[in-house]
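To start, the structure itself, in structure tokens.
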Amino acid sequence: MARTPDDTARVQALVQRFRDEGFDAVWVDRAPVFDKTSLLHAIYQAVPLTGDFGFNWDALEDALYGPEDPAAKPRVLVFQDLELLEERDPEVARVFLDIVKTVSENPASALAGVVRG
């Protein structure tokens, strides 16, 4: 899936719109995400995580709850090509989206959800 400058501009504009609306919007898949390893590394790079992030599902779930600060902006994870992960590794995509759903439904979480750009 080749990315064009128009694709990049579209995602950047989407991220900016969310930020303008008061969200902490982060573009996760600046590089292709196609398996668990690439997904976890992309999230680690996009979201400010500590150096002790464990690169496993439990660590991801804990990390996605967001900042401890109750006044923190709600976070939105923006993906340009989430379909690539869904095509290449549907089980990983399913687990990831289940984690996002669980975390975002918890009132103590700063995660608002995932957006496809």
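What does the charge count around Leu84 come to, taking other residues whose C-beta lies under 15 Å from its C-beta (Lys +1, Arg +1, Asp -1, Glu -1)? Counting the neighbours of Leu84, the net charge comes to -3. Among Leu39, Leu64, Leu84, the largest mean-square fluctuation in a Gaussian network model of the chain (Cα springs under 10 Å) belongs to Leu84. On a per residue basis, the chain carries 56 Å² of accessible surface, using protein heavy atoms and a 1.4 Å probe. In the chain, helices alone account for a calculated mean residue ellipticity at 222 nm of -15000 deg cm²/dmol, with every DSSP H run of four or more residues adding -39,500 (n - 2.57).
Within a Cβ distance under 15 Å of Phe18, other residues only, what is the Lys/Arg minus Asp/Glu net charge? Overall, the nearby charge balance is +3. What's the carbon and sulfur percent of the chain's accessible surface, probe 1.4 angstrom, rounded to a whole number? On the chain, the fraction of accessible area on carbon and sulfur atoms equals 51 percent.
Subtracting the Cα-Cα distance of Tyr65 and Gln16 from their residue separation scaled by 0.36 nm leaves 15.5 nm. Specify whether the C-alpha gyration tensor of the chain places it in the rounded, prolate or oblate class, a ≥ b ≥ c being the square roots of the eigenvalues: rounded for a/c under 1.5, otherwise prolate if a/b is larger than b/c and oblate if not. Oblate shape, in that a/c is at least 1.5 and b/c is the bigger or equal ratio.
The values are calculated or read from the model by the stated rules, or taken from the named source; none is laboratory data. Please read all numbers here as calculations on a predicted model, not as lab measurements. Positions of Cβ are generated from backbone atoms using ideal geometry, with glycine treated the same way; all protein chains shown enter the neighbour counts. Accessible surface areas use protein heavy atoms only, side chains included; no ligands, DNA or RNA. Shrake-Rupley method; radii C 1.70, N 1.55, O 1.52, S 1.80 Å.
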